[in-house]
Amino acid sequence: MTDEVATLAGGCFWCTEAVYQNLKGVKSVESGYIGGAVPDPTYEQVCSGTTGHAEAIRITYDPAVISYADLLAIFFATHDPTTLNRQGNDVGTQYRSAIFPHSPEQEAEARAGIALAQADQLNPIVTAVEPDAPWYPAEDYHQQYWERVGDRNPYCMAVIPPKLAKLRKGFAERIEA
């Protein structure tokens, strides 16, 4: 079986990337921008909220080891899919909760994943299923941010450890030893 790709937007890409980096079956995680109108946007442009892009991650994974449904379950468990255009103190369309499927099968699984996650939520899930769009990798200094410098960034220290705790609590068997 060949590797597959999943593209997810769940707020700050530093925080989302950190969740997926050490999962069994995940080959790579790249931070970037998707879903906007400006070609080759910069971080500063995306942060302005005027380009239409979301901060997102692109996950390359082995579906024989971890399924798309598992990636989605982790996505819904480690961010707040009930806040429109917001994750914590990050506000704007660039921080929206969205899934960008790469096939009709992924789209069907994304919609099923939203329905399943909704059963565990009191508030309505606002995660959008958006069409696949051009992907723009974020600048090099954003890649593997948590592993490189996150523990020296107060924002990351406030946001990422609780996400990783949720990951360990609900998906310990999926984490690389």
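As a proxy for reagent exposure, 28, 97 were ordered by neighbouring Cβ count within 10 angstrom, fewest first; the result is 28, 97.
Residues in the stretch 168-174 carry Karplus couplings, in order, of 4, 5, x, 9, 3, 5, 8 Hz; the curve used is 6.51 cos²θ - 1.76 cosθ + 1.60 with θ = phi - 60°, and Gly or Pro positions show x.
Taken one residue at a time, the phi angles of the stretch 77-94 give Karplus couplings (6.51, -1.76, 1.60, θ = phi - 60°) of 7, 10, 9, 9, x, 9, 10, 6, 6, 7, 9, x, 7, 7, 10, x, 4, 5 Hz. Gly and Pro are set to x. The Cα center of the stretch 1-36 and the Cα center of the stretch 77-115 differ in position by 13 Å. Just from its helices, what would the mean residue ellipticity at 222 nm be for the chain, if runs of 4 or more DSSP H residues each count -39500 (n - 2.57) and the sum is divided by every residue, rounded to the nearest 500 deg cm²/dmol? Taken over the chain, the calculation gives -10000 deg cm²/dmol. Within straight-line reach of residue 27, meaning a Cα separation under 14 Å, sit the following aspartates and glutamates at least 8 residues removed in sequence or on another chain: 3, 4, 17, 62, 176. Just checking the listed ones, 147, 44, 17: in the Gaussian network model of the chain with Cα springs under 10 Å, the one fluctuating most is 44. Computed from backbone phi with θ = phi - 60° and the Karplus coefficients 6.51, -1.76 and 1.60, the 3J(HN,Hα) list for the stretch 139-155 is 4, 3, 5, 8, 6, 6, 4, 4, 5, 7, 9, x, 6, 9, 10, x, 4 Hz; x is used for glycine and proline. Count Lys and Arg as plus one, Asp and Glu as minus one, and take only other residues whose Cβ is under 13 Å from that of residue 26; the net charge is then -3.
Each reported figure results from applying straightforward, stated rules to the coordinates on display, with no laboratory input. The shown structure was predicted, so the numbers you read here are calculated from the model rather than taken from an experiment. Counting neighbours? That spans all protein chains shown, and the Cβs are built from the backbone with ideal geometry, glycine included.
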